[in-house]
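Every number here is computed from the coordinates shown, using simple stated rules; none is lab data. Keep in mind it's a predicted model, so treat the numbers as computed, not measured. As a convention, Cβ positions derive from the backbone with ideal geometry for all residues, glycine included, and neighbour counts pool all protein chains shown.
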Amino acid sequence: MTTTGERARRTVYQDVQESPDFRELRSRLRRFVFPASIGFLVWYLAYVLLASYEREFMATKVLGNITVGLLVGLLQFVSTFAITTLYVRYAERRLDPLAEQIRERIEGTHR
């Protein structure tokens, strides 16, 4: 429990950080970022391991001089753009409205 003196010394940022809305915002962010990061790292590690230990498979020609390794390498870029696009959509739907609500509350009560 906080006393009146402790409450007066607190900053607006400390109050916001302990608010249920901010905790929900952090939770929503983590629900996207952690699985997406883990998924991408596993995908990237698979690429590195395949390139290191499955050279014959990665050297398999698919079309002309295009190999499996080249396609998988290019898919790394595609997956990066896909994750970025998914994050932007997720943020617009699930993060930005709540962040805006928190910002408006801060600006409205601390002017």
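The simple Förster model, with R0 at 35 Å and r as the Cβ-Cβ distance, assigns Tyr53 and Ile102 a FRET efficiency of 0.15. Indicate the helices, whole DSSP H runs only, in the chain that combine a mean Kyte-Doolittle hydropathy of 0.5 or more with a Cα extent along their long axis of 20 angstrom or more. Qualifying helices: 68-90. For Ser19 and Arg31, the difference between the fully extended length at 0.36 nm per residue and the C-alpha to C-alpha distance is 2.5 nm.
Ranked by how many other Cβ atoms sit within 10 Å of their own Cβ, fewest first, the residues Phe81, Phe40 fall in the order Phe81, Phe40.
Calculated [222 nm] ellipticity per residue, helices only, for the chain: -25500 deg cm²/dmol; basis is -39500 (n - 2.57) per DSSP H run with n ≥ 4, divided by all residues, nearest 500. Between Ala82 and Leu45, what's the calculated FRET efficiency when r is the beta-carbon distance and R0 is 22 Å? Round to 0.05. Between Ala82 and Leu45 the formula returns 0.80. State the label only: which of (i) 138; (ii) 98; (iii) 123 corresponds to volume of the Cα convex hull per residue in Å³ computed from the shown model? Among (i) 138; (ii) 98; (iii) 123, the one calculated here is (i). Amide H to amide H distances under 5 Å link Thr67 with Val62, where only residues 5 or more positions off or on other chains count and H is placed in the peptide plane. Among residues other than Arg103 with Cβ under 11 Å from its Cβ, the summed charge is -4 (Lys and Arg +1, Asp and Glu -1).
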